[in-house]
Ligand SMILES: *[C@@H]1O[C@H](CO)[C@@H](O)[C@H](O)[C@H]1NC(C)=O
């Protein structure tokens, strides 16, 4: 619902008042001289503190690798600033990158990856610190324009959403729109990207694949990495064990979003998994095997999702034991069961903010995690998770909607897919825009209003 205050404010956004802006820039010019002097002074203090600041302390399992102090001293002007990573330091000692046989491509196995990665981290101590929780998000789309006239616009918004999340939580993000293996198109295209990204980013412990038609609808939620580290799980997918083992359903998990640990086990898994793909002579054989094992699979081609379920189902000790089937929250959730709940969730969250001044307090985007944690502790303890919960769903996945081609599943009538996407995208965008002073009052409309001080009241 649009509150009357917001609707009114919609017509008086500051951008419509040039006089106000001119006034602001005039006073800015006035104070420029003073500010630039102050800035130089600040810069001096800051650069000095870089040289005297503490070197980073490697944590947890990366402890023994930590060479923070000694390396920093020998590298002279490439010192770290206050625990930040050092992007200008790459020692002359050789690493796996110097091995001619090391290949980024599917089909050329990497051996001893754990050791190689550990060695690289040892050579790059500023990255070793904090490596345990470092996440690289991967996503992407096809190399050519979308057939759906609004497809590229939708994909841009889906991508913007992921960039927003990563900026707020400090993960890196890589968008790929090239086929890294020419024969591995559509749902197989992600495996070569994951494989190459593990080698390109040895500093990242986790690679987080998120399909182009999935978006983050809870900007506060943080991946519970401790849960996955605790028993050394190497792959996290949204899934349900009974659907895999009892029902033998190809929808027992969703392979559109997953976290995969940057380690040898994952290299091996990707090789075996990709071995069912269209680039192999076994492709047709795998199509038959998968279809005869999982009776609810309707199409004859071998696909990545059924392939992964097959590996879980067939090889428990090798694969299944290291795979965490996440079902406690929407690690990825079906949009059709989510979109209809977003209005009520918005109501609940707005009520929380009405009651609690801390949640209404304006703050820098960089410190939003503090407010997310506060909301969690004070207001979300018994919100539940997943289906039936009034918590914001973490990831909403528009499975079957095909934004780029526009060929959505015929079971969704008319505009349900596109309206659902607009609504979810604006729902997520509102959590971001809020820290910039604006919001979409109508979740189906891209227009915005400025947010008054101490809103909502
Ligand atoms: C939203 O809340 C209203 C009022 O509490 C309730 O009647 C309705 O069933 C809820 N809708 C959904 C989709 O949960």
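Can you pull out the residues in segment 184-200 that are within 18 Å of residue 119 (Cα to Cα) and either over 17 Å from the mean Cα position of the chain (by Cα) or without any contact (Cβ under 8 Å) to a residue 24 or more places away in the chain (or both)? Spell out how you get there, then give the answer.
Residues of segment 184-200 that are within 18 Å of residue 119 (Cα to Cα), as a first pass: 197-200.
Passing the criteria: 199, 200.
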Within segment 389-399, is there a residue that is surrounded by fewer than 19 Cβ atoms within 10 Å (Cβ to Cβ), farther than 30 Å from residue 279 by Cβ and within 16 Å of the ligand (Cβ to nearest atom)? yes
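Quick check on this structure: which one of 219, 267 is within 19 Å of residue 334 (Cα to Cα) and touching a helix residue (DSSP H, G or I) at 6+ places or on another chain (Cβ under 8 Å)?
Working: 267 fails: within 19 Å of residue 334 (Cα to Cα).
Within the list 219, 267, the selection yields 219.
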Could you tell me how many of the residues in segment 370-398 are modelled with pLDDT of 95 or more and touching a helix residue (DSSP H, G or I) at 6+ places or on another chain (Cβ under 7 Å)? 9
Residue that is farthest from the ligand (Cβ to nearest atom), among those in segment 400-414 that are surrounded by 13 or more Cβ atoms within 10 Å (Cβ to Cβ) and on the phi > 0 side of the Ramachandran plot: 406
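Any residue that is free of Cβ contacts under 8 Å to residues at least 24 places away in the same chain and part of a loop (DSSP other than H, G, I, E, B) - is there at least one of those in segment 162-178? Working first, answer last.
Here is the first cut: in segment 162-178, the ones free of Cβ contacts under 8 Å to residues at least 24 places away in the same chain are 163, 170.
If we keep only those that are part of a loop (DSSP other than H, G, I, E, B) as well, we get 170.
Checking segment 162-178: at least one residue is free of Cβ contacts under 8 Å to residues at least 24 places away in the same chain and part of a loop (DSSP other than H, G, I, E, B).
Hey, does segment 330-346 have a residue that's more than 16 Å from the ligand (Cβ to nearest atom), touching a residue at least 40 places away in the same chain (Cβ under 8 Å) and under 17 Å from residue 385 (Cα atoms)?
Filtering segment 330-346 for residues more than 16 Å from the ligand (Cβ to nearest atom) gives 331-332.
Adding the requirement that they be touching a residue at least 40 places away in the same chain (Cβ under 8 Å) leaves 331-332.
Remaining after also requiring under 17 Å from residue 385 (Cα atoms): 331-332.
Yes: segment 330-346 contains one or more residues that are more than 16 Å from the ligand (Cβ to nearest atom), touching a residue at least 40 places away in the same chain (Cβ under 8 Å) and under 17 Å from residue 385 (Cα atoms).
Could we say that residue 204 is under 16 Å from the mean Cα position of the chain (by Cα) and either on the phi > 0 side of the Ramachandran plot or not in a helix (DSSP H, G or I) (or both) here? It would help to see each step written out before you state the result.
Values: under 16 Å from the mean Cα position of the chain (by Cα): yes; either on the phi > 0 side of the Ramachandran plot or not in a helix (DSSP H, G or I) (or both): yes.
Yes: the conditions hold for residue 204.
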Need pairs with beta-carbon distance below 7 Å; first residue part of a loop (DSSP other than H, G, I, E, B) and within segment 115-129, second surrounded by 22 or more Cβ atoms within 10 Å (Cβ to Cβ); sequence gap 6+ or separate chains. 129/56; 129/58
Within segment 300-310, is even one residue more than 27 Å from residue 158 (Cβ to Cβ), outside the structural domain of residue 187 (by TED's automatic domain parsing), away from the ligand (no atom under 14 Å from the Cβ) and surrounded by fewer than 17 Cβ atoms within 10 Å (Cβ to Cβ)? no
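The values are calculated or read from the model by the stated rules, or taken from the named source; none is laboratory data. These numbers come from a predicted model, not from an experiment. Cβ: placed from backbone, ideal geometry, glycine included. Neighbour counts: every protein chain shown.
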